[in-house]
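*Asks:* Dropping the structure in here first, questions after.
The values are calculated or read from the model by the stated rules, or taken from the named source; none is laboratory data. Everything numeric here is computed off the predicted structure, so don't read it as measured data. Cβ coordinates were reconstructed from backbone atoms using ideal geometry, including for glycine residues, and neighbour counts include every protein chain displayed. We work out accessible area using only protein heavy atoms, side chains counted, and drop any ligands, DNA or RNA first. Shrake-Rupley method; radii C 1.70, N 1.55, O 1.52, S 1.80 Å.
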There are 2 protein chains.
Amino acid sequence: MMGTIMRHLTIGKLAREVGVGVETVRYYERRGLLAEPPRKASGYRQYSADAVRSLRFIRRAKELGFSLAEVAELLALREAPEPACPDVKRQIATKIDDIGERIADLRRIRGALEELHSRCESTGSLGVCPILALLQEDTP
Amino acid sequence: MMGTIMRHLTIGKLAREVGVGVETVRYYERRGLLAEPPRKASGYRQYSADAVRSLRFIRRAKELGFSLAEVAELLALREAPEPACPDVKRQIATKIDDIGERIADLRRIRGALEELHSRCESTGSLGVCPILALLQEDTP
DNA sequence: ATAAACCCCGTACCTAAGAACGGGGTCAAG
DNA sequence: CTTGACCCCGTTCTTAGGTACGGGGTTTAT
């Protein structure tokens, strides 16, 4: 058999692929974030490429400051077929706004860092620190 | 004495102002994130308005997924006057890039949610979930 | 001037998110 | 066919980031 792309990953390969520990993968499964994969007769988990993507998503979202509970919510939205739509729609809108605020905050911090950076570059003179200035804004 | 704006806050007022617990404020002080304020003769901490801003900044950054250690680094940059500039400049650039990636990730997630939202709105039909689609992208 | 509300400090406790362990089965390479 | 690497499960340990407690002084509103 040649040409058969790697269809199934063991938990160890999956974990290494995404850069997490095996324990973490099993933990996510227990938490319901990662679907339970099919098993071999031996009991070994067999993951598909989709699992790699799901796992990557979870990591990304977690690095962005979402708790695992929030990640679970995001993933749950994916499952909402259409029946709960009227209500789910609000939830989605709320999350969109929330993310918009996060982006704005990050931009503000980045802007301050950029100013620091260029200031560092040009003159050696240093007036007010832009990070401090950033702190000045209360509700921009 | 009228007209004197509240110059000094007790720790409790500071905490309430920002929406955290008193213990949290003291914890941040211990961690070196928040400067030790002057004290009254009684030992009570006296905070200025700056403390409110610093504390808000810490909370924002933390909600954005920065660890307290990272927040401390960000705040430390503020202090770097100019001597360590050559080296610090790299650090700043790195952080700027890091934040850029976070923003990109958030945008991608938001985009997916927006599509979910509009899809919910228009037809009841539901093809592939955009969040699932988002997961498909490996290195966009 | 006294009670309620607040502050001090130190220590103990808690939750989230894993990481490590231990005893045992499994798979592939030599 | 055995040996090293890998997997199973359940349980325990750790770390970050707070929270709560307890005993005692301080401020403030009545």
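*Asks:* Give me the one-decimal nm value for the distance between modelled label points at residue A:26 and residue B:39, 7 Å along each residue's Cα-to-Cβ direction.
*Replies:* The modelled label-to-label distance comes out at 5.0 nm.
*Asks:* Whole-Hz ³J(HN,Hα) for each residue in region A:16-26, computed from phi via Karplus 6.51 cos²θ - 1.76 cosθ + 1.60 with θ = phi - 60°, x for glycine and proline: what do you get?
*Replies:* Listing the rounded values in order: 5, 4, 9, x, 10, x, 4, 4, 5, 4, 5 Hz.
*Asks:* Kindly write out, for region A:105-117 in residue order, the coupling ³J(HN,Hα) from the Karplus curve 6.51 cos²θ - 1.76 cosθ + 1.60 (θ = phi - 60°), rounded to whole Hz, with x marking Gly and Pro.
*Replies:* Ordered by residue, 3J(HN,Hα) equals 5, 4, 4, 5, 5, 5, x, 5, 5, 5, 5, 4, 4 Hz.
*Asks:* A follow-up question, please. Calculate, axis by axis, the spread of Cα positions in region B:12-96 along the three principal axes, and write the results as whole Å, longest axis first.
*Replies:* 44, 28, 19
*Asks:* Considering only protein heavy atoms and a 1.4 Å probe, what is the carbon-and-sulfur percentage of the accessible area of region B:14-61? Write out the running numbers ahead of the final one.
*Replies:* On the way: 1200 of 2720 Å².
C and S atoms contribute 44 percent here.
*Asks:* Distance in whole Å from the A-onto-B rotation axis to the closest C-beta of chain A, together with the residue it belongs to, please.
*Replies:* A:65, 1
*Asks:* Between residue A:67 and residue A:48, what is the label-to-label distance in nm when each label sits 7 Å out along the Cα-to-Cβ direction?
*Replies:* 3.2 nm
*Asks:* Every other copy gets compared here: list the nm distances from the residue B:87 label point (7 Å along Cα to Cβ) to its counterparts, shortest first, one decimal.
*Replies:* For residue B:87, the other copies' label points sit at 5.7 nm, shortest first.
*Asks:* On to the next question. Cα-Cα over 19 Å: which of B:13/B:62; A:62/B:62; A:13/A:62; A:62/A:95? Let's see the in-between values first.
*Replies:* Details: B:13/B:62 21 Å; A:62/B:62 13 Å; A:13/A:62 21 Å; A:62/A:95 15 Å.
Exceeds cut-off: B:13/B:62; A:13/A:62.
*Asks:* Test of understanding: what is the full-extension gain from residue A:114 to residue A:59, defined as 0.36 nm times their sequence separation minus their Cα-Cα distance? Please list the in-between numbers first.
*Replies:* Working: separation 55, 0.36 × 55 = 19.80 nm, distance 2.70 nm.
17.1 nm is the gain from fully extending residue A:114 to residue A:59.
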